[in-house]
Structure formats: structure tokens, C-alpha cells
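Notes to accompany the following structure.
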Amino acid sequence: MNGIFRTTVFMGATAVALIGSPALSQENDTVTIALRVAVNTLDPHMTASVGSDLSVLSHIYPALILRGPDLKLQPALAESWEMTDPTTWRFKLKSGAHFANGEKLDAAAVKWNLDRVRDDAVGARIAAWFELVSEVTAIDETTVEVKTSSPYPALADQLSMFLLLPPEWAKTHNPANETMSGGPYVVKENVPGDHITLAANPDYWGPKPEFETVIFRTIPESAARTAALEAGEVDLITGVPATEIKRINERGAAEAGAIDSIRMMLGKFNHQKAPMENLKLRQAINYAIDKEGIAQAIFDGNATVANCQLLTPAYFGYNPDLKPYPYDPEKAQELLAESGVDLSQPIEIEIPVGTYLQGEEVTQVIASQLQEVGLNVKITEIEFGAFMNKQLKARDLAQIAVQGLAWPTIDADGMLTMFAPGNVYDYWNNAEFGALLDKGRASVDPEERKKIYADATKLMCEEAGALFLYAQPATYGISKRISWQSRGDDWVRAFDMTLRN
Amino acid sequence: MARYLLSKLFEAALAIWGVVTIVFFVSRVLGDPTVLLLPMGASQQDIDTLRAALGLDRPILEQYGIALLSMLRGDFGISFQHTRPALDVVLERMPATGMLAGTALFFGTLIGAVAGAIAALRRGTISEFVVMTAALLGQATPVFWLGIMLILFFSVQLGWLPTGGSGSLAHLILPGLTLSVFVSASIARLLRSSLLDIMREDYVRTARAKGLMPRTVFFWHIARNALIPVVTMIGIIAGELLGGSVVIETVFAWPGVGRVIMQAIQAQDFPVIQAGVALVAVIFVVTNLLVDLLYGVLDPRIRQR
């Protein structure tokens with residue numbers, strides 16, 4: 001008996017010693033952020049993924065300009081910037097900025113970075129963002145001039161996603177798996193697929209960050225993310241199912257909420273496939289869907305219905321005069337009868353699986369409401385990669401494709417351009433719409449641009465260019481020790497957080 | 001023995017070549033990764049430039065020839081997504097996968113063997129009923145659900161263990177346990193039925209009639225023969241687990257090889273898919289070889305052939 005007891009105690013003690021005490025509670029100078037997908041590359045020019053790669057890298061590499069939590073641009077390395085003529089931009093840099101190895105963060109470094117992404121041999125994934133840039137000149141140590149081949153009013157916005165590498169260091173190192181900090185943090189530990197730990201950069205030229213240590217943990221599963229938040233292991237999670245928000249708040253271990261993101265959900269019409277060329281049918285579909293009902297039932301009231309346009313109020317060029325098509329199944333049936341379309345022909349609705357917050361559920365509702373007004377619809381669930389190939393490569397989208405669109409510069413130019421004739425994303429082919437967008441791009445006067453985009457959005461609404469749905473909610477959960485201003489784009493950054501008192 | 005190993009090695013090379021070839025062509029037929037690598041709104045020209053930079057614009061047979069020659073040198077190319085050697089991307093995840101697979105295999109086999117033996121030896125008793133019900137439940141429970149339940153209980157309610165991730169033994173307990181349940185359930189059921197079959201054999205009755213001790217009869221005559229199908233099963237499970245358990249790795253945020261291959265498939269990251277598939281093929285071939293060798297140990301008749 002005694003022997004068994006001793007053995008048990010010994011085994012117990014060994015187990016405790018081996019396991020150690022898991023770090024469940026967090027230190028005050030540490031913040032932990034959960035990512036939905038793993039960080040793939042450490043090279044900021046080889047990824048366009050704001051929600052994972054770029055968010056993490058923005059702690060290590062500086063940008064000329066940052067987009068703040070209010071979605072407004074703020075100075076970062078660039079103190080100020082101006083458009084000196086429609087195709088020339090001037091950026092004034094802070095002096096004394098440098099990388100941790102002593103390399104200067106000056107105009108020449110900025111030029112080298114912009115040249116690097118535009119070099120075809122590099123194969124930078126984000127080259128498309130700077131396609132219009134024709135020449136970059138370092139005027140003096142703290143002045144950079146950027147020439148564009150045509151007016152590019154969104155250049156400053158685009159630069160808020162552009163992180164700067166140290167040129168000399170990059171000659172002898174591979175930025176894909178090594179880093180040399182020029183920002184507030186340095187990489188302390190990187191376990192691919194698991195976590196990246198950052199420590200405050202002692203040589204940082206800017207203000208000292210609030211947290212000494214920042215940990216980004218990859219947690220791909222939604223329920224596991226919520227569990228990690230409620231167990232106190234992480235401070236911020238995103239992509240919470242809308243129906244979980246209430247439950248998290250009720251249980252009280254953490255807080256959860258949602259705001260409108262800049263991603264607009266829509267049913268994209270393939271106007272090239274019968275019967276989608278029929279205006280009355282397209283309008284009928286917009287009348288047949290109860291957008292408000294979807295926002296209430298599926299998103300617990302956390303989604304905002306689109307105002308008959310692809311833009312949310314956050315976008316430059318948003319048209320405040322448009323109102324959504326009301327939910328009116330009778331009107332939809334009338335229009336269908338007038339349209340002369342054979343209602344028995346099958347209409348396919350495509351939805352990429354696991355891509356959009358509760359997108360599959362929304363598609364179910366759309367299909368059943370279209371059936372109620374007499375259309376013969378069927379849903380096809382498709383893997384995201386195959387969907388993108390179908391859309392861009394095979395150019396064979398179904399009659400309706402439920403998808404979300406966002407444009408990172410939060411500007412009508414870009415977002416609407418995806419529906420301009422000739423664009424790889426376009427399935428509408430409306431020449432009048434295309435002409436308006438060309439006009440908008442040629443102008444640099446904000447008031448004039450606003451007017452042009454108001455015409456464009458109005459045209460798209462009247463023509464029922466798409467099935468306008470709702471702005472996908474940006475949902476999040478946050479621990480009670482941290483405050484963070486929720487935002488509609490995908491940036492998750494420790495330097496937007498503070499400790500709560 | 002040398003000839004046996006050589007022929008096995010040849011078969012293995014053939015199998016790996018076959019798998020790699022099929023995957024090469026199927027993945028390229030299914031899609032174009034450039035549309036996924038580029039940001040929204042990239043133009044046709046951007047797509048073409050990147051295709052050329054990745055070598056995807058060349059004729060498919062030329063691409064295949066280049067890929068095959070590089071693979072012989074152990075070079076699977078640069079990952080499209082990770083922008084570093086594809087083999088590194090896969091291999092750096094192997095320790096985590098190996099640790100999880102080893103844990104599940106060890107505890108799963110141990111528990112499964114004891115449970116299966118109890119069920120067979122205590123035939124018709126309440127203990128057989130309990131063991132077999134538990135095994136059936138263990139096999140029928142979706143690992144996804146079980147994993148989430150364990151997280152909610154041990155991590156959120158009790159706060160004893162981390163919800164996921166890796167780095168310490170504490171992180172290994174829940175995913176290891178979840179996977180062990182599944183492994184032990186399969187092994188217990190197979191071992192029980194296999195033992196029951198053998199116990200009915202004539203030579204077992206003869207051994208008992210000779211007056212051998214029950215223990216000798218069990219271990220020497222019954223168990224050794226009954227283990228052959230079980231070893232086959234363990235070999236298959238080992239191969240599967242070492243190829244990565246996508247569901248478990250996802251639920252427990254475990255940085256294993258399954259998740260990275262899965263992600264590569266979704267992103268059509270050809271070099272990583274190829275490196276991953278080749279690695280899994282090698283693992284299967286090696287485990288099969290070990291199983292073959294173990295047969296010989298268990299059954300002298302196989303050894304002599």
C-alpha cells in the first residue's frame with residue numbers, strides 16, 4: 001500500500017515537473033493576438049494578406065504612411081505628403097530614422113523599395129499596386145518624388161500597405177525567412193504555423209511601444225479561438241461567428257462585438273449567361289431578397305444592408321442618395337412576368353465554401369427566397385481556389401456568384417473598376433459605366449470625382465448590375481485587460497492597443 | 001535478404017514516382033495559382049508576368065521534366081506562398097507531427113491492446129460489454145467534436161491545459177489524448193476479433209491439452225498469431241498519422257505537416273504540394289517495409305520465404 005502510494009506521488013510529481021505550469025495568465029507587458037491563418041512569408045513584398053502577413057510585418061518594418069483605426073491616413077516615416085501636380089507626389093520623410101543594423105531609412109531606401117516591387121525579375125506579389133508608378137527619385141535625404149504614368153489619387157492610401165526593407169541588408173539576406181527591423185519590434189522567435197514572438201526594438205527611432213512583448217498565435221479553428229480568448233490565453237480574436245457574440249458577452253470572460261467591414265457582400269451576376277442579360281429579371285432578384293431579414297436573422301443585427309451600391313460609407317465616392325431595393329416579393333413576381341424570361345430554366349448560384357462569414361447560410365436564404373418568387377435555382381458550393389480559377393481564368397462564373405469584395409485603398413476607383421469592361425473581374429460589360437470610371441480616374445479634384453462616382457453608382461443600382469446584399473461584419477472578441485478600437489479593414493496591430501486600467 | 005530489400009526499394013521508388021507524377025499533372029490541370037497569389041484587381045498582364053516568373057508559362061511536359069530532375073536532387077522548388085524552399089516548409093513541420101503521431105500510436109496501441117485482450121479473454125462478461133461499447137463510441141465519435149469538448153472542459157472550464165498550440169508537454173496532452181482515443185478503439189476491436197478467431201484453432205486446443213500453462217498458451221500460441229492483422233493495422237495508422245492529422249491539427253492549432261499540405265492544396269502552391277505528397281509517400285513506403293519485416297519476426301513461415 002505504502003509502495004503504491006509512493007509510486008503514485010512520484011509519478012504525479014514527475015508529471016507536474018514535466019508539464020510545468022502552462023502560461024495561462026499573461027504578463028502586463030505582453031499582448032497576444034490570434035491569427036486565423038499562419039504567416040506564410042516574412043517578405044512584405046511577397047504577400048497581399050493584410051489580416052496575417054502584413055499585420056505582423058507592420059510591427060517590424062516601417063511604412064511611409066499608416067492607416068489608423070479610424071481608417072484615416074496618418075504620418076509614419078513620411079511626415080507629410082502632397083500631390084504637386086496630377087502625376088507627381090512628394091513625400092517628406094522624418095530624419096534620423098534607421099534600421100537596427102544602422103542602415104539609414106532615407107529617401108534612397110524608399111526608392112530602392114519601390115524599385116524592387118516594380119522589378120519583374122523579383123516577382124513581387126504586390127507589383128500591381130504600383131503599376132502606375134513610372135519613376136521614383138530621391139531629391140535629397142528626406143524627400144522622395146514619385147511620378148505616375150497617369151493620375152493616381154489613391155497612391156497615398158496604397159502606400160499604407162507598403163512596408164520598407166533595408167536595401168543593403170537585403171543584398172545578402174533572404175527577406176522571406178529573415179528579418180532586420182526598422183520598426184518598433186524585432187522578431188524574437190518564429191515557429192512556423194504556431195506563433196511569432198516579437199520583442200520591443202531597443203534601437204527604434206520612434207516612440208517606445210506600449211507592450212514589451214507581442215505574440216501572434218495561429219489558431220485556424222473558430223471555436224478554438226473563442227476558447228483561447230475565454231481561457232485568457234489570447235487578447236484579440238477575429239472572425240467570430242455573429243451568433244457567438246452574444247454568448248461571449250453573456251458568459252462574461254471576455255467581450256465581443258462587430259462593426260461594418262469595408263468588404264461588401266454581393267451576388268455577382270454573370271451578364272453573359274442567359275437569362276442574366278434581362279434587366280427586369282435582375283431587378284426582380286434584388287426585390288426578391290429580404291436583406292434586412294438576413295442581417296437580423298443570420299447576423300443578429302450586426303450587418304448593415306448595402307445602399308444599392310458596392311461601396312460602404314467608409315469609401316471615397318460613397319453615394320449617400322441611394323436606397324436599397326425594398327423587400328417586395330410581389331413586385332419581384334410582377335417584374336418576372338413582364339421580363340418574358342422562361343422561369344423554368346435553371347439558375348445556378350455559386351458560393352465558395354468557408355470563405356465569407358456565414359456565407360453558406362446567406363446563400364441558402366437567397367436560394368429559397370428566389371424559389372419563392374418562382375425561379376428555378378440551385379446552389380453549387382465550390383472550393384475557393386477553384387472558384388477564383390473559374391472566375392478569372394476560365395471566365396465561366398455561374399449566373400449568380402455570392403462573394404465579398406473589398407478594395408484596400410477604400411476608394412471607389414479600384415472597387416468599382418472590378419466591374420469596368422476589360423477588367424479580369426468584370427462580367428457586366430457596361431460601356432457607359434466604364435466611361436464614367438475612366439473619367440473618375442483622369443481627375444484629381446475630389447469634388448469632381450465624387451460627382452462622377454455618384455453617377456456610376458446610380459447607374460449600377462438602376463441597371464441592377466449585381467444583387468446588392470450587406471457589408472460583411474468585422475467581428476472580434478477582446479480580453480478585458482486590453483482596449484482596441486475595432487476597425488473595418490483587416491489590420492490587427494499591437495500598437496493600436498493599450499492596457500485597460 | 002539483400003535481394004528482398006533491393007526489390008522493396010525498387011518498388012518504393014516506383015510508387016513515389018507514380019504518386020509524384022499523378023499529383024504533378026492533376027494539380028496543374030485543376031487550376032492556376034497566380035490568380036490566388038495576386039491581390040484583388042490584378043490585371044491580366046500582372047497574371048502573365050507572375051506566371052512567367054514562376055515558370056508556369058512553359059509547356060507542361062517541360063515543367064514536368066525540370067521538376068523531376070530537380071526532385072532527384074532533393075529540390076522541390078521554391079514555394080509560391082512561402083517564397084522559400086518547399087521541402088523546408090514541409091520538413092520543419094515534421095517534428096511536431098512526429099511527436100503527436102508517436103504519442104497517439106504509443107498510448108493508442110497500449111490501451112487498445114489491453115482493452116482488446118480483456119474483451120477477448122473475458123468473453124460474455126460485463127467487462128467485454130463495457131470495453132466494446134467504449135471502443136465503438138471511441139471509433140464513432142468525430143475527433144473534431146471530441147477535441148472541442150476536451151478544450152472546453154480542460155482548458156476553458158478548469159484552466160489546466162492550454163487550448164492549443166505547441167511548445168511544451170502540456171500542449172501535447174489534449175491532441176494526443178483525442179488521437180489516442182481513435183487509435184485505441186480501432187486496435188481494441190481488431191485485436192479482440194483476431195484473438196477470438198485464433199482461440200478456436202485446433203493447435204490452441206492441442207497446446208492446452210498438452211498441459212501448457214494458460215499464460216504460455218496465450219502469449220506463445222494465440223497472441224503471436226493474432227498480432228499479424230493488428231500489426232498491419234498499426235502500420236496503416238502510423239502512415240496516416242505521420243502524414244499529418246489535418247482535423248486534429250486544425251482544432252488544436254498544432255503546427256503539423258497536415259495543415260501545411262492542406263493549405264498548399266487550397267492555395268495551389270505546387271512545390272509544397274509535391275514536397276508534401278512525396279514525403280507522405282516515403283513515410284508510407286517505410287512503414288510498410290517495417291510492417292513486412294515485423295511479419296517475419298512474428299511468423300517464422302513468412303521469414304523463410
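The values are calculated or read from the model by the stated rules, or taken from the named source; none is laboratory data. Just so it is clear, the structure is predicted and the values come from calculations on it, not from any experiment. Note that we place each Cβ from the backbone using ideal geometry, even for glycine, and neighbour counts take in every protein chain shown.
Just to be sure, is B:Leu9 aliphatic (A, V, I, L, M), outside any helix (DSSP H, G or I) and either loosely packed, with under 14 Cβ neighbours inside 10 Å or at pLDDT 85 or above (or both)?
Working: aliphatic (A, V, I, L, M): yes; outside any helix (DSSP H, G or I): no; either loosely packed, with under 14 Cβ neighbours inside 10 Å or at pLDDT 85 or above (or both): yes.
Answer is no for this residue.
Please give the strands (runs of 3 or more DSSP E) falling wholly within region A:123-219 in which 2 or more residues are surrounded by fewer than 19 Cβ atoms within 10 Å (Cβ to Cβ), within 13 Å of chain B (Cβ to nearest Cβ) and at pLDDT 90 or above.
Details: elements: A:133-140, A:143-148, A:185-191, A:195-200, A:213-218.
Ranges flagged: A:185-191.
Table: residues versus (1) of a type outside the set (S, T, N, Q); (2) more than 19 Å from B:Leu36 (Cβ to Cβ).
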{"site": "B:Ala253", "(1), (2)": "yes, yes"}
{"site": "B:Gly258", "(1), (2)": "yes, yes"}
{"site": "B:Ile261", "(1), (2)": "yes, no"}
{"site": "B:Gln266", "(1), (2)": "no, no"}
{"site": "B:Val272", "(1), (2)": "yes, no"}
{"site": "B:Ala275", "(1), (2)": "yes, no"}
{"site": "B:Ala278", "(1), (2)": "yes, yes"}
{"site": "B:Val282", "(1), (2)": "yes, yes"}
Residue check, A:Arg67 against (1) charged (D, E, K, R); (2) surrounded by 16 or more Cβ atoms within 10 Å (Cβ to Cβ); (3) within 28 Å of B:Ala52 (Cβ to Cβ); (4) touching a helix residue (DSSP H, G or I) at 6+ places or on another chain (Cβ under 8 Å), all met but one. Which one? (3)
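Can you say whether B:Leu241 is in a helix (DSSP H, G or I), farther than 30 Å from A:Leu229 by Cβ and under 23 Å from the mean Cα position of the chain (by Cα), as far as the supplied structure shows?
Values: in a helix (DSSP H, G or I): yes; farther than 30 Å from A:Leu229 by Cβ: no; under 23 Å from the mean Cα position of the chain (by Cα): yes.
The answer is no for B:Leu241.
Sort out which residues of region A:151-198 are small (Gly, Ala, Ser) and over 26 Å from the mean Cα position of the chain (by Cα), and write them in order of number. Outline the logic, then answer.
Step one: list which residues in region A:151-198 are small (Gly, Ala, Ser), which gives A:154, A:156, A:160, A:170, A:176, A:181-183, A:193.
Of everything in region A:151-198, just one residue is small (Gly, Ala, Ser) and over 26 Å from the mean Cα position of the chain (by Cα), namely A:Ala170.
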Go over the candidates A:Leu469, A:Leu437 one by one and state the one that is at pLDDT 95 or above and outside the structural domain of A:Arg36 (by TED's automatic domain parsing). A:Leu469
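Only one of these is surrounded by 17 or more Cβ atoms within 10 Å (Cβ to Cβ) and farther than 30 Å from B:Arg28 by Cβ: B:Val257, B:Val251, B:Val277, B:Val247. Name it. Even if it seems obvious, please write down each step before you answer.
Values: B:Val257 fails: farther than 30 Å from B:Arg28 by Cβ; B:Val277 fails: farther than 30 Å from B:Arg28 by Cβ; B:Val247 fails: farther than 30 Å from B:Arg28 by Cβ.
Just a single option satisfies the conditions, and that option is B:Val251.
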Helices (runs of 4 or more DSSP H) contained entirely in region B:63-164, each with at least 3 residues that are away from every other protein chain (no Cβ under 14 Å) and not hydroxyl-bearing (Ser, Thr, Tyr): B:94-121, B:126-140
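Table: residues versus (1) without any contact (Cβ under 8 Å) to a residue 24 or more places away in the chain; (2) away from chain A (no Cβ under 13 Å); (3) charged (D, E, K, R); (4) on the phi < 0 side of the Ramachandran plot.
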| residue | (1), (2), (3), (4) |
| --- | --- |
| B:Thr216 | yes, yes, no, yes |
| B:Phe219 | yes, yes, no, yes |
| B:Ile228 | no, yes, no, yes |
| B:Ile234 | no, yes, no, yes |
| B:Glu240 | yes, yes, yes, yes |
| B:Arg259 | no, no, yes, yes |
| B:Gln266 | yes, no, no, yes |
| B:Phe270 | no, no, no, yes |
| B:Ile273 | no, no, no, yes |
Here are the criteria: (1) buried (at least 19 other Cβ atoms within 10 Å of the Cβ); (2) closer than 23 Å to B:Ile283 by Cα; (3) out of contact with any Ser or Thr (no Cβ under 8 Å at 6 or more places or on another chain). Tell me which single one B:Ile187 does not satisfy. (3)
Residue hits (region A:220-256; more than 10 Å from chain B (Cβ to nearest Cβ) and on the phi > 0 side of the Ramachandran plot) are A:Gly239, A:Gly252
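Go through region A:67-99 and give me each residue that's of a type in the set (A, V, I, L, M, F, W, C) and either assigned to a loop (DSSP other than H, G, I, E, B) or within 17 Å of A:Lys208 (Cα to Cα) (or both).
As a first pass, look at region A:67-99 and keep what is of a type in the set (A, V, I, L, M, F, W, C): A:71, A:73, A:76-78, A:81, A:83, A:89, A:91, A:93, A:97, A:99.
Correct list: A:Leu71, A:Ala76, A:Leu77, A:Ala97, A:Phe99.
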